[in-house]
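K.L.:
Below is one structure. I have some questions about it.
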Amino acid sequence: MLREKWPVGNIGVDTSPGCPYDARMNACRLARSADAEAIRDIYAPIVRDTVISFEYEVPSVAEIASRVEQVLQSRPWLVYEEAGEVLGYAYATTFRSRAAYDWGPEVSIYVRSDVQKRGLGQRLYATLFGVLRAQNYCRVVAGATVPNESSERLHSRMGFQLIGRYPAAGYKFGGWHDVVFWYLPLRSLPETAPALININELIKTAEWEWLTRS
């Protein structure tokens with residue numbers, strides 16, 4: 001049975017919080033290894049010039065390709081493409097390795113600096129959440145170095161709730177930096193955790209075809 005697209009799904013155990021953005025996926029698709037250079041180019045200035053990322057060195061294209069492939073073994077890594085250019089990306093990774101955490105992955109999102117404030121982040125996130133709900137995930141967690149007004153605004157608009165603040169979580173550029181964490185319910189919690197659907201199985205289904213059409 002096809003679920004309604006984020007944010008108004010309400011089929012079976014699916015209920016999503018109020019959120020004003022439409023989950024159109026017409027400009028989003030799964031990442032490929034060939035996208036690694038474009039992804040690295042978006043990420044490089046964030047590593048090199050800011051404390052948004054706690055990495056010290058810009059990863060190579062090969063390393064980015066490896067990360068994409070690793071995520072895509074089970075979860076989505078999406079890119080936002082316009083006129084053949086990758087303008088942003090979002091993905092879900094393991095929050096904690098213990099099995100009981102499996103239904104609540106951590107999500108990350110980056111949009112190229114010259115195309116920000118166009119709503120790409122909302123579309124990417126909404127699409128990512130729709131896919132994760134189709135995989136039967138129940139919650140997502142996100143974190144950000146603060147202050148970061150654009151990230152805080154995006155997560156607030158998407159319906160995330162603040163969990164807490166980790167003081168002096170990381171050291172970069174000669175200073176200590178705090179990190180905040182949010183969570184977002186993707187569905188009402190069932191009594192028994194649902195079986196998770198691998199992204200490589202989901203893409204073979206009619207539901208995937210439906211999710212990827214606006």
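Taken together, the values in this text are just the output of simple stated rules run on the coordinates, not laboratory data. The shown structure was predicted, so the numbers you read here are calculated from the model rather than taken from an experiment. In this analysis, Cβ positions are derived from the backbone assuming ideal geometry, glycine residues included, and neighbour counts consider all displayed protein chains.
K.L.:
Between Thr192 and Glu63, how many nm apart are label points set 7 Å from Cα along the C-beta direction?
P.N.:
4.4
K.L.:
How large, in Å, is region 105-155 by the Kirkwood hydrodynamic radius built from its alpha-carbon pairs? Write down the numbers at each step before the final one.
P.N.:
Details: mean 1/r = 0.0834 Å⁻¹.
By the Kirkwood definition, the hydrodynamic radius is 12.0 Å.
K.L.:
Relative to the compact-globule scaling 2.2 N^0.38 Å, provide the ratio for the alpha-carbon radius of gyration of the chain. Show your work: numbers first, answer last.
P.N.:
Working: Rg = 16.7 Å, N = 214, 2.2 N^0.38 = 16.9 Å.
Relative to the 2.2 N^0.38 Å estimate, the chain comes out at 0.99.
K.L.:
On a 0 to 90° scale, report how tilted helix 120-134 is relative to the longest principal axis of the chain, with both axes built from alpha carbons and the result rounded to the nearest 10.
P.N.:
The angle comes out near 40 degrees.
K.L.:
Per the helix-only calculation at 222 nm, which mean residue ellipticity applies to the chain, given -39500 (n - 2.57) for every DSSP H run of n ≥ 4 and division by its residues, nearest 500 deg cm²/dmol? Spell out each step's value before the answer.
P.N.:
Working: 6 runs with 59 residues, N = 214.
Result for the chain, helices only: -8000 deg cm²/dmol.
K.L.:
Could you compute the longest span of the chain free of trypsin sites (Lys or Arg not before Pro) located in DSSP loops and having at most 11 other Cβ atoms within 10 Å, not counting the site residues? Let's see the in-between values first.
P.N.:
Working: sites that count: Arg98, Lys117, Lys204, Arg213.
Longest site-free region, per DSSP loop and neighbour criteria: 1-97.
K.L.:
Using r as the Cβ-Cβ distance of Glu37 and Tyr183, and R0 as 30 Å, what FRET efficiency do you calculate, to the nearest 0.05?
P.N.:
On the way: r = 33 Å, r/R0 = 1.09.
The formula returns an efficiency of 0.35 here.
K.L.:
Please label the shape of region 96-214 as rounded, prolate or oblate, based on the square roots a ≥ b ≥ c of the eigenvalues of the alpha-carbon gyration tensor (a/c under 1.5 means rounded; beyond that, a/b larger than b/c means prolate, else oblate). It would help to have the intermediate numbers written out before the result.
P.N.:
On the way: a/c = 2.26, a/b = 1.42, b/c = 1.59.
The shape class here is oblate.
K.L.:
Here is a follow-up. Starting from the Cα-Cα distance between Lys204 and Gln70, subtract it from 0.36 nm times their residue separation and give me the gain in nm to one decimal. Walk me through the numbers on the way to the answer.
P.N.:
Details: separation 134, 0.36 × 134 = 48.24 nm, distance 1.92 nm.
Gain on extension, Lys204 to Gln70, equals 46.3 nm.
K.L.:
Continuing with this model, one more query. Any idea what angle helix 61-71 forms with the longest principal axis of the chain, computed on alpha-carbon atoms, 0 to 90 degrees, nearest 10?
P.N.:
Roughly 30 degrees between the two axes.
K.L.:
Hey, another quick one. I need Leu30, Leu128 ordered by Cβ neighbour count within 10 Å, fewest first.
P.N.:
Details: Leu30 19, Leu128 26.
Lowest count first: Leu30, Leu128.
K.L.:
I've got another one for you. Against the longest alpha carbon principal axis of the chain, how many degrees, from 0 to 90 and to the nearest 10, is the axis of helix 36-49 turned?
P.N.:
Tilt of helix 36-49: around 50 degrees.
K.L.:
To the nearest Å, what is the center-to-center distance of region 81-135 and region 147-204, using C-alpha atoms only?
P.N.:
10
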